[in-house]
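Here the structure is laid out as structure tokens; the discussion comes afterwards.
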Ligand code: TXA
Ligand code: MG
């Protein structure tokens, strides 16, 4: 299948494909998503197949607004209303009980909950409004690879497997949305993102728990995606927690380094072995997945050292993704 790249002014063509049940990737402020009309079971199954995603890992339902969400939620608690008012459209995914029978089981993985997201992206907002139905929206990467932050990343992973990609340029945030579970007694953040637990707690006026990332068998399926290997390039990734440790690495041409600009300047490696994460943590969030992909495409790179950040809740999302990419491997020498 030919994978078409759509520019901003070709949105109607993308809507037509989705309406026909085809798969089309779309931009959001976090990462690119892989869209299919959420009410068509066959299309939704196609998303799992294109990504190579295990079928027990449910999909986010991407809506154009709260009203569309209400068609598929069993109930919308006051907490959800507060968060929606404050953060939507924006990088917050909200887990609620699903209205039975309103969506195919393939969307929810057979769970009684569903994850709703309303991205802050005009193109995608218009796409879903024109379609008139929500679209599922997992990240548009091959399962286990870093999420795509450009249309080119999507093309790299999914060309020939999907009908189209809407090119909205590089995404703003670079890491996936915060997921909060409101189907439980105390709200809990299942995946950290740009919106922090503290901000959520402030808007809700109550305590918000944070998932530690350790999923026990009994707790499954509170965050099914957590148990899988993720974000991983082919070469092993090592987290460098203390930037002074960069000087202890035995550098050679098979090593790649990802760090902030000022750190990189001190490292004696050819430019092609270095990936600049930018000037601060916000830049690093934006560039992390792109850097992992940069080295994934270089066959000579056998190990990737990546700068860690410890900046309270602000660095939770970055470290969550980096720790998964590194499978918990930290530099210590
Ligand atoms: O920023 C984002 O959220 C991006 C953009 C494209 O919207 N999407 C995204 O989707 O990151 P995905 O599928 O890569 O990650 C969604 C996560 C998965 O870990 C999945 O297990 C979890 O959300 N999830 C989805 N539905 C769930 C449910 N009903 N209960 C628990 N976890 C759920
Ligand atoms: Mg994903």
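The values are calculated or read from the model by the stated rules, or taken from the named source; none is laboratory data. Worth saying up front: this structure is predicted, and the values here are computed from it rather than measured. Cβ: placed from backbone, ideal geometry, glycine included. Neighbour counts: every protein chain shown.
Only one of the listed residues (176, 202) is under 17 Å from the mean Cα position of the chain (by Cα) and modelled with pLDDT of 95 or more. That residue is 176. Is it true that some residue in the range 157-175 is under 23 Å from residue 49 (Cβ atoms), within 13 Å of ligand 1 (Cβ to nearest atom) and out of contact with any helix residue (DSSP H, G or I) (no Cβ under 7 Å at 6 or more places or on another chain)? Checked against the condition, which is being under 23 Å from residue 49 (Cβ atoms), within 13 Å of ligand 1 (Cβ to nearest atom) and out of contact with any helix residue (DSSP H, G or I) (no Cβ under 7 Å at 6 or more places or on another chain), the range 157-175 yields at least one hit. Give me the residue from the range 1-35 that is in a strand (DSSP E or B) and either at pLDDT below 95 or away from ligand 2 (no atom under 15 Å from the Cβ) (or both) and, out of that set, surrounded by the most Cβ atoms within 10 Å (Cβ to Cβ). Filtering the range 1-35 for residues that are in a strand (DSSP E or B) and either at pLDDT below 95 or away from ligand 2 (no atom under 15 Å from the Cβ) (or both), the one surrounded by the most Cβ atoms within 10 Å (Cβ to Cβ) comes out as 24.
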